[in-house]
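These notes concern the structure reproduced below.
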Amino acid sequence: MANFRLCPDSGLFFDRNAESLMKVNAVAAAVSLLVAGLLALGVALTRWPAVHLLPAEQFYMFLTAHGLNALIFWIIFFEIAILYFASSTLLRCRLAAPRWAWLGFALMLIGAITTNVAIFQGNSSVMMTSYVPMQAAPHFYLGLILFAVGALIGCFVFFGTLVVAKNERTYEGSIPLVTFGAMTAAIIAVFTIASGAIILIPTFLWSIGYIGYIDPEMYRVIWWGMGHSSQQINVAAHVSVWYLVAGLVFGARPMSEKVSRFAFLLYIFFLQLASAHHILVDPGISSEWKIFNTSYAMYLAVLASMVHGLTVPGSMEVAQRLKGYNHGLFEWLRKAPWSNPVFSSTFISIIIFGFIGGITGVVMGTEQINLIIHNTIYVPAHFHATVAVGTTLTFMGLTYYLIPVLFRRQMILPGLARWQPYLFGAGMTALILFMMGAGTMGVARRSADMTFAGAALTYEYPGMAFTMMGLAGIGAVLAVIGGGAYLLVTVGSLVFGKKLDPSAGFLQSFGVPLSRGAYTAQPEILPMAAPVEEYGSAGHFEAPGTFALALVLLISFVVYYFINWKYLASVWPLS
Amino acid sequence: MADPGNNPKDEEERIPAMQSLLENPFLLLFIGVAMPTVFYIIWGIMEIVTVPITP
């Protein structure tokens, strides 16, 4: 049956069902990002002290919706698209159980809409964490449960597709590294969703009166099994996309498949245990539990991230050096395609994720120095480095690649697309650094008014904290403009971009398959996609520039880590 | 009958344990769910339920 399409530009295969599902998930993700971005503007302009845009009630409503749309809906819709891409496309096979996949998508869509409706009705401003005993409307929880069930179905469709590919022998040897990384994300997603079910189903029953009491500490521990692990899905997914981009842009293969796979294995074993750092100051939980989960176990996951941080740019460097860019330590980097947004997004993401997201993550995961910044605005600074730059910017870069390849449309406004990663990256970096500064001075997160006007108990922050929050606001506005540019280019391209296939019409951009003639039963295999579709290492390890960058990261980490210990000693005098 | 364990071809085709683990998505799924369930969820719940209740 004619169900496969071969992209003549990339050499990638697309199964008809998988292609439509990737498109609808990517479009739903983009809509969620649009909502999240608009709400981000309201949040940022309220936290900017000189502007202070929204009254408290609206601020908390905006913040709740921003958190869920940005951290859950945008990311997981896009990740389901990645799972289908990494299984069906990279393994060149049909998607398993496409009807189930459509059911999963429908549940996710209904869930996301239901939860958003609950929030905007105004009685569910409980933040993304929805800590009990704060109670949201029942359909707030119901929407999240439906979304989670839909995502779980998507994960099992992915696992089913791995089985299909193996049984039908569509690949030789082992699955490609990108698929293995996506599998890591899917495994983490299963634990994440299971944790969500364990806590959100009773909370839903509590909200409709069937259960009388939910222990707040029990809620916090189990909820963070979902809340933080959902962000670990992102880490595994965006690291997989880094390897994918290295292969697609540079033709690079991993420096060592075995080492990279072992790093993903460390993620499978240990990454989810990092959820415990949210519980570090909670009473009733022993230091043994806290230290085992956040230090011993989490450091092994950090080790894995450091391996990926070395091997992804390292594989790019090896590929560049094989092309002759051998002069000095960094000619390979200088001559990299900086005007290609697929690459620039990825590289900015690697740098900010490693240097800021990674280092702050370790600081927050250390029981003692966590005390300095716990529940301050430093925490959103950390996860904007990991998720908003690490994951979101990576996914933005991948979208630029997919517009011609998956959607068969030429990208519009290439000049704007060229600048967009820099604009978004610079705005986000400013936001992150100034929020880190303000958080170190104690500025609370999730607070509508840092002046505490009218409050019974007040606290006066240093003047510099107000300046930092103002500068963070400017960074946020730049980042929102960068995010808007991304949506303008991508959605505009789907609607107005030149058709690269005669049947790639308006509806085809939003999930309707191309005409029957675009698909064949058994397309020929083109060599361009081989680096991402096959198992195998580059076999070269000459990456001195990357090793130099890794040393800079290590020194930065050591210096910043000990500065925090020194700072802890100064804010916590014991003598 | 030849002993299959002494066949040099079998020796060559024996898949290393680590590779067997990495190529079994469902075993990895089990480990990836079991590890955090035991060390994070179950251990964490045990800590909470053993907190003495104020008389």
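The values are calculated or read from the model by the stated rules, or taken from the named source; none is laboratory data. None of these values were measured; they are calculated from a predicted model. Positions of Cβ are generated from backbone atoms using ideal geometry, with glycine treated the same way; all protein chains shown enter the neighbour counts.
Check every one of the helices (runs of 4 or more DSSP H) wholly within chain B and list those with 3 or more residues that are under 17 Å from residue A:268 (Cα atoms) and either at pLDDT 95 or above or not aliphatic (A, V, I, L, M) (or both). Full working, then the answer.
Numbers: elements: B:8-13, B:17-22, B:25-36, B:43-49.
Result: B:25-36.
Scanning segment A:5-19 for residues that are acidic (Asp, Glu) and crowded, with 23+ Cβ neighbours inside 10 Å returns A:15, A:19.
For segment B:19-44, the set of residues classified as farther than 27 Å from residue A:259 by Cα and facing chain A (nearest Cβ under 7 Å) consists of B:41, B:43, B:44, listed by residue number. Only a single item in (1) more than 14 Å from chain B (Cβ to nearest Cβ); (2) out of contact with any helix residue (DSSP H, G or I) (no Cβ under 8 Å at 6 or more places or on another chain); (3) assigned to a helix (DSSP H, G or I) is not met by residue A:134, and it is number (3). Out of (1) surrounded by 14 or more Cβ atoms within 10 Å (Cβ to Cβ); (2) part of a helix (DSSP H, G or I), the odd one out for residue A:536 is which? So residue A:536 meets the others, but not (2). Cβ separations smaller than 6 Å between residues 6+ apart or across chains give the following pairs from segment A:188-215 residues that are away from chain B (no Cβ under 14 Å) and assigned to a loop (DSSP other than H, G, I, E, B) to residues that are surrounded by fewer than 16 Cβ atoms within 10 Å (Cβ to Cβ) and modelled with pLDDT of 95 or more: A:211/A:205.
Checking the stated criteria, residue A:423 turns out not to satisfy the condition of being part of a helix (DSSP H, G or I) and closer than 27 Å to residue A:570 by Cα.
Against the condition buried (at least 24 other Cβ atoms within 10 Å of the Cβ) and in contact (Cβ under 8 Å) with a residue 40 or more places away in the chain, how does residue A:399 come out, does it pass? Answer is yes for this residue. In segment A:78-134, the residue that is nearest to the chain's Cα centre (by Cα) out of those that are of a type in the set (S, T, N, Q) and under 13 Å from residue A:64 (Cβ atoms) is A:129. As a summary of the residue check, residue A:195 satisfies the conditions (1) of a type in the set (S, T, N, Q); (2) over 22 Å from residue A:243 (Cβ atoms); (3) surrounded by fewer than 20 Cβ atoms within 10 Å (Cβ to Cβ) except for the one numbered (3).
Take the conditions (1) without any contact (Cβ under 8 Å) to a residue 24 or more places away in the chain; (2) surrounded by 15 or more Cβ atoms within 10 Å (Cβ to Cβ); (3) of a type outside the set (D, E, K, R); residue A:559 misses just one of them, which is (2).
If you go through segment A:163-187 and keep only what is in a helix (DSSP H, G or I) and surrounded by fewer than 24 Cβ atoms within 10 Å (Cβ to Cβ), you end up with A:163, A:164, A:165, A:166, A:167.
Residues in segment A:511-533 that are in contact with an Asp or Glu (Cβ under 7 Å, 6 or more places away or on another chain) and outside any loop (DSSP other than H, G, I, E, B): A:518 only.
Is it fair to say residue A:508 is of a type in the set (S, T, N, Q), outside any helix (DSSP H, G or I) and out of contact with any helix residue (DSSP H, G or I) (no Cβ under 7 Å at 6 or more places or on another chain)? For residue A:508, the condition - of a type in the set (S, T, N, Q), outside any helix (DSSP H, G or I) and out of contact with any helix residue (DSSP H, G or I) (no Cβ under 7 Å at 6 or more places or on another chain) - is not met.
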